[in-house]
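First the structure, in the form of structure tokens, and then the observations on it.
A short reminder: the numbers here are calculations on the coordinates, not readings from a lab. Remember, predicted model here, so these are calculated numbers, not experimental data. With ideal geometry, Cβ positions are generated from the backbone for all residues, glycine too; neighbour counts draw on all protein chains shown.
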Amino acid sequence: MLVLSRRVGESIIVGDCEVTVVEIIGCRVRLGITAPSDISVHRREVHEAILLGKLAEAHEKLDAAEVQP
């Protein structure tokens, strides 16, 4: 894991995305993310929920295909 230190207003570049530290209040950090429109940006818990939804959908399609003769 790469660990970087940044101050408010400083950025890092990840691929085609720029991540900027917008604000630090106590132990909370607000980040601004600039990314191309074809790249999805989600919080980890949202990303995991999306993946679980896609997995459930795939299982439903598989189950439906097995039922048909």
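A few comments on the model shown:
- Candidate values (i) 39, 14, 10; (ii) 34, 21, 9; (iii) 27, 22, 7 were compared with semi-axes √(5λ) of the Cα gyration tensor in Å computed on the shown model; the agreeing label is (i).
- Relative contact order computed over the chain (Cα-Cα under 8 Å; 6+ residues apart), in percent: 17
- Total charge dipole magnitude, the chain, about the Cα centre, Cβ charges on Lys, Arg, Asp, Glu only, Debye to nearest 20: 460
- Where trypsin sites (Lys or Arg not before Pro) in DSSP loops with at most 14 other Cβ within 10 Å are excluded, longest remaining stretch of the chain: 8-42
- Virtual paramagnetic centre 7 Å along Cα→Cβ of Ser11, amide N under 12 Å, in segment 23-51: 32-36
- Rounded to whole Hz, the Karplus (6.51, -1.76, 1.60) HN-Hα couplings of segment 37-50, x for glycine and proline: 5, 8, 10, 7, 10, 9, 5, 3, 5, 5, 4, 5, 5, 4
- Simple label model, 7 Å out from Cα along Cβ direction - Lys61 to Ile39, nm: 2.7
- Counting every other Cβ atom within 10 Å of each residue's Cβ, Thr20, Thr34 order from fewest to most as Thr34, Thr20.
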